[in-house]
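**Q** Handing you this structure, nothing more for now.
The values are calculated or read from the model by the stated rules, or taken from the named source; none is laboratory data. Keep in mind it's a predicted model, so treat the numbers as computed, not measured. Heads up, the Cβs are rebuilt from the backbone with ideal geometry, glycines too, and the neighbour counts pull from every protein chain shown.
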Amino acid sequence: MLTIKNLQAKVEEKDILKGLNLEVKPGEIHAIMGPNGAGKSTLGNVLSGREGYSVTGGEVLFNGKDILELDAEERAREGLFLAFQYPVEIPGVSNLEFLKASMDAIRQHRGEDAMDSMTFLKLAREKCKAVNLDQNFLKRGVNEGFSGGEKKRNEILQMMMLEPKLCILDETDSGLDIDALQVVAEGVNSQRGPDRSFIIVTHYQRLLDYIVPDFVHVLADGKIVKSGGKELALELEEKGYSWIENGEA
Amino acid sequence: MTEVAPKIDFCQDALAFVKTQAHAAGFSEVRESGYAAFASLPFPTRKTEEWKYTSLNALTLQDYNQAAQNFDLKNASELYTIEGLDAYRLVFVNGLFVAELSDNIAQAGIEITAFTEANEQQRAVITQYIGNIAETRRNLFTALNNAAVEEGVLLHVSKNTVLDKPLQIVNISSAQATTCSAFARCLLVLDPLAQATVIEQFVSTREPQNLLLNQTTEIHIGDGAKLNHYRLHSEDETSLHFGGVYVDLNRDSQFESYQVALGGKIKRFDVLVNHNQSGSHCEMKGVYLPKNDQHVDIHSYIEHIAAHCTTDETYRGIMADRAKAVFNGRIHIHPDAQKSLANLSNKNLLLSNKAQINTKPELEIYADDVRCAHGATVAQLDDKACFYLQSRGISRPEAEIMLSFAFINELLESIPLEPLRKTLRPLLAQQFSSNQNLTRHILDEDSGVHSEGGA
């Protein structure tokens, strides 16, 4: 599904990713952990096509397509989804209007007809329920005045509506209490399937108690320095990142 | 920069023009004082504060000819129809009354008439108020309008009476072969405890106009009376519009006004509200959306003369391409106006590096027990918000339109007249792009913030 080869990227002339390799197969969940400043968020931003991040080397193939050539919206239409660490507030654009525009664009790309308003509304309300958001949130401005937990649940709501192939969760657990964390995890788990893969970027092991990954990678200084199974996360939690960074492993 | 010589020709032509116009006897006084005021006002230059950012150089080519009534009335309704609105309608083309497109209105306690069709009693009301609310000191076009008073519309709502349907006043401008001018006038008188909704609509054909429309509205709102006022400008971008709205508020009266202005070659209107007696309330919301090389200039003056009055004023502007806008909002709290509450907010969005806004919110306070706030912002589209939308598959152009529309959506959604909201959506969508694929979220009202029904 996703192949990242020797990816190098910089932000404002500073090298952040320094030769990152990763292979994600359909249905797999990969956790990427690492200390602050390792390049975790940069990876999500580079993959989703944010401006201001320049790729200086390597390639990223998504279902065989070189996505580095594509605009952010084209990547999204191809089935890539980034759940933001800090979702943006957009007053004046309602959540519903936003979801509809998004669904329309993605369905159009897939060659499907736009969903009629009633079916769409029904679906949106259903998904709201699934992430434990009141339906009134659909009428409110995108993320406008939402609490931290509500914003993250809104990201999961969008993910459920858009049915992407690859979901990148960028520190979705940061700032969440246990209840909100469980709602988010349940949302993600309900979306697991043989054709959908996840990259879960996180600083803490806690989220991985609820979303059990197939692989855990440690990102440090712009590279993956260690990979393993889910037990690696526990080891990291116990010994701290310095264990890896100091080369003791 | 060299100072442009005053356009004496323009002024002399204008004066000569109004002198020759036939008029009803009762208007002699207002016409003469308007004439004198206009003759004594210097022609604005860049040094004239009220006209600093709006050059009148374009008027050098403007002659004062009578506009030709060349407009095919068969095409009129598509210019002004507001789908689903049940209203009384009066139609004027280039300032002249068109009886065949206008309604005959017979409701007890209500007088609605064109000036030229007014009976003796209606004429008495007109002469009582005309020219007494409008102020000529700051705006020479209003002085000139006074000097040219002849045709216009009168709405008089008697005491304790509610106008049962909105009054839609349509001003159509038609393209002219040579430069011409037209005058329009509107007088709204609400006696104590009366209520009315009035829509002033300015439309034109979509072709080069060559027409200057000089329009003045005077509004008297009696004790405890309430006016819901709309002013919609959607003339062609070549249009010249000089307008003024002058409002006298009496004890415990209310003036609620929504103004929407697409751009013109020069579109200038002044709104002056006098809180003459205590307890009056003024609420104004406006959006202006010039694009291409259009120019919009809005000046508002709120005079808090009496105590315990409130003002809530919000204007938002979106300037695209090389368009320019001017917003001047002044709130003046007089020494006796204790306990005034006044709030003025002006926010602007620039969509291009060549677009311009000159905004100046002003507060002048001479009373010591008041609560007032004013502020203005100028911003560009937020890249982060744009990326957020793109990351969900929405194209950059569509994302930009969504965010632009979001900037004014809140004001539009607050318009209480639903048919008007629905008519404005496609009009504004067209303003952002002619590609309906990019504006589908504006056209599809089911997904609007507030319009989605029952949760």
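**Q** With the structure loaded, tell me whether B:Leu140 is assigned by TED's automatic domain parsing to the domain that holds B:His229 and either among the charged types (D, E, K, R) or at pLDDT 95 or above (or both) or whether it fails that test.
**A** In short, no.
**Q** Would you tally the residues in segment A:145-180 being assigned to a loop (DSSP other than H, G, I, E, B), buried (at least 18 other Cβ atoms within 10 Å of the Cβ) and either more than 12 Å from chain B (Cβ to nearest Cβ) or more than 13 Å from the chain's Cα centre (by Cα) (or both)?
**A** So the count comes out to 5.
**Q** Could you say whether any residue in segment A:59-77 is surrounded by 14 or more Cβ atoms within 10 Å (Cβ to Cβ) and under 24 Å from A:Leu181 (Cα atoms)?
**A** No, the conditions are met nowhere in segment A:59-77.
**Q** Now for a separate question. Of all strands (runs of 3 or more DSSP E) completely enclosed by segment A:31-121, which ones contain at least 2 residues that are more than 13 Å from the chain's Cα centre (by Cα)?
**A** Numbers: elements: A:53-62, A:80-83, A:90-94.
Filter on segment A:31-121 gives A:53-62, A:90-94.
**Q** Do the conditions hold for A:Ile67, that is, is it hydrophobic (A, V, I, L, M, F, W, C) and touching an Asp or Glu at 6+ places or on another chain (Cβ under 6 Å)?
**A** Criteria not met by A:Ile67.
**Q** Say whether the condition of being within 25 Å of A:Val218 (Cα to Cα), within 14 Å of chain B (Cβ to nearest Cβ) and crowded, with 17+ Cβ neighbours inside 10 Å is met by at least one residue in segment A:21-41.
**A** Scanning segment A:21-41 turns up at least one residue that is within 25 Å of A:Val218 (Cα to Cα), within 14 Å of chain B (Cβ to nearest Cβ) and crowded, with 17+ Cβ neighbours inside 10 Å.
**Q** Would you confirm, using the coordinates I've provided, whether A:Gln135 is in contact with a helix residue (DSSP H, G or I) (Cβ under 9 Å, 6 or more places away or on another chain), surrounded by fewer than 19 Cβ atoms within 10 Å (Cβ to Cβ) and more than 7 Å from every other protein chain (Cβ to nearest Cβ)?
**A** Here the answer is no, as A:Gln135 does not meet what is asked.
**Q** What number of residues in segment B:248-267 are surrounded by 21 or more Cβ atoms within 10 Å (Cβ to Cβ) and touching a Ser or Thr at 6+ places or on another chain (Cβ under 6 Å)?
**A** So the count comes out to 4.
**Q** Looking only at segment A:97-116, which residues are touching a residue at least 12 places away in the same chain (Cβ under 8 Å) and closer than 14 Å to A:Leu138 by Cβ?
**A** A:Phe98, A:Leu99, A:Lys100, A:Ser102, A:Met103
**Q** Yes or no: A:Ala185 of a type in the set (A, V, I, L, M), at the interface with chain B (Cβ under 10 Å from one of its Cβ atoms) and either touching a helix residue (DSSP H, G or I) at 6+ places or on another chain (Cβ under 6 Å) or not in a helix (DSSP H, G or I) (or both)?
**A** Numbers: of a type in the set (A, V, I, L, M): yes; at the interface with chain B (Cβ under 10 Å from one of its Cβ atoms): no; either touching a helix residue (DSSP H, G or I) at 6+ places or on another chain (Cβ under 6 Å) or not in a helix (DSSP H, G or I) (or both): yes.
No, not satisfied.
**Q** Within the bounds of segment A:201-210, is there any residue that is part of a loop (DSSP other than H, G, I, E, B) and within 27 Å of B:Ala385 (Cβ to Cβ)?
**A** Here is the first cut: in segment A:201-210, the residues part of a loop (DSSP other than H, G, I, E, B) are A:203-206.
Retained after the next criterion (residues that are within 27 Å of B:Ala385 (Cβ to Cβ)): A:203.
Looking through segment A:201-210, at least one residue is part of a loop (DSSP other than H, G, I, E, B) and within 27 Å of B:Ala385 (Cβ to Cβ).
**Q** Looking only at segment B:358-392, filter to residues that are of a type in the set (A, V, I, L, M, F, W, C) and within 14 Å of chain A (Cβ to nearest Cβ); which one of those is farthest from A:Ala105 (Cα to Cα)? Before you say what the answer is, go through the steps one by one.
**A** So the first thing to find is which residues in segment B:358-392 are of a type in the set (A, V, I, L, M, F, W, C), and the list is B:363, B:365, B:367, B:370, B:372-373, B:376, B:378-379, B:381, B:385-387, B:389.
Still in the running and within 14 Å of chain A (Cβ to nearest Cβ): B:379, B:381, B:385-387, B:389.
Numbers: B:Ala379: 28, B:Leu381: 21, B:Ala385: 17, B:Cys386: 15, B:Phe387: 15, B:Leu389: 11 Å.
The extreme case among them is B:Ala379.
**Q** A further question on this structure: Would you check which residues across segment B:107-141 are under 23 Å from the mean Cα position of the chain (by Cα) and in a loop (DSSP other than H, G, I, E, B) and list them?
**A** B:Ile130, B:Gly131, B:Asn132, B:Ile133, B:Ala134, B:Glu135, B:Thr136, B:Arg137, B:Arg138, B:Asn139, listed by residue number.
**Q** Within segment B:145-167, is there a residue that is outside any loop (DSSP other than H, G, I, E, B) and surrounded by fewer than 18 Cβ atoms within 10 Å (Cβ to Cβ)? Quick ask: steps written out before the conclusion?
**A** In the first step, residues of segment B:145-167 are kept if they are outside any loop (DSSP other than H, G, I, E, B); the result is B:145-147, B:153-157, B:162, B:167.
With surrounded by fewer than 18 Cβ atoms within 10 Å (Cβ to Cβ) added as a condition, the list becomes B:162.
Within segment B:145-167 (the criterion being outside any loop (DSSP other than H, G, I, E, B) and surrounded by fewer than 18 Cβ atoms within 10 Å (Cβ to Cβ)), the answer is yes, since at least one residue qualifies.
**Q** Against the condition among the hydroxyl-bearing types (Ser, Thr, Tyr), over 18 Å from B:His233 (Cα atoms), out of contact with any Gly (no Cβ under 7 Å at 6 or more places or on another chain) and crowded, with 18+ Cβ neighbours inside 10 Å, how does B:Tyr80 come out, does it pass?
**A** Spelling it out, it is not the case that B:Tyr80 is among the hydroxyl-bearing types (Ser, Thr, Tyr), over 18 Å from B:His233 (Cα atoms), out of contact with any Gly (no Cβ under 7 Å at 6 or more places or on another chain) and crowded, with 18+ Cβ neighbours inside 10 Å.
**Q** For B:Leu341, state whether it is in contact with a Lys or Arg (Cβ under 7 Å, 6 or more places away or on another chain) and more than 14 Å from chain A (Cβ to nearest Cβ).
**A** The answer is yes for B:Leu341.
**Q** A further question on this structure: Name the one entry in B:Glu50, B:Glu78, B:Glu83 that is in contact (Cβ under 8 Å) with a residue 40 or more places away in the chain, part of a helix (DSSP H, G or I), out of contact with any Asp or Glu (no Cβ under 7 Å at 6 or more places or on another chain) and among the charged types (D, E, K, R).
**A** Only one candidate passes the filter, namely B:Glu50.
**Q** Just checking, does segment B:411-429 include any residue being in contact with a strand residue (DSSP E or B) (Cβ under 8 Å, 6 or more places away or on another chain), within 9 Å of chain A (Cβ to nearest Cβ) and crowded, with 21+ Cβ neighbours inside 10 Å?
**A** No.
**Q** Tell me which residues, restricted to segment B:235-262, are in contact with a Phe, Trp or Tyr (Cβ under 7 Å, 6 or more places away or on another chain) and part of a loop (DSSP other than H, G, I, E, B).
**A** Listed by number, the list holds a single entry, B:Glu235.
**Q** Please tell me if B:Thr116 is surrounded by fewer than 17 Cβ atoms within 10 Å (Cβ to Cβ) and either in contact with a Gly (Cβ under 8 Å, 6 or more places away or on another chain) or more than 21 Å from B:Ala196 (Cβ to Cβ) (or both).
**A** When the stated conditions are applied, B:Thr116 passes them.
**Q** Taking into account only those residues within segment A:42-58 that are within 14 Å of chain B (Cβ to nearest Cβ) and surrounded by fewer than 18 Cβ atoms within 10 Å (Cβ to Cβ), which is nearest to B:Leu389 (Cα to Cα)?
**A** So, considering only residues that are within 14 Å of chain B (Cβ to nearest Cβ) and surrounded by fewer than 18 Cβ atoms within 10 Å (Cβ to Cβ), the one nearest to B:Leu389 (Cα to Cα) is A:Glu51.
**Q** Further, regarding this structure: Which one of these does A:Leu123 not meet: (1) of a type in the set (A, V, I, L, M, F, W, C); (2) surrounded by fewer than 23 Cβ atoms within 10 Å (Cβ to Cβ); (3) facing chain B (nearest Cβ under 7 Å)?
**A** (3)
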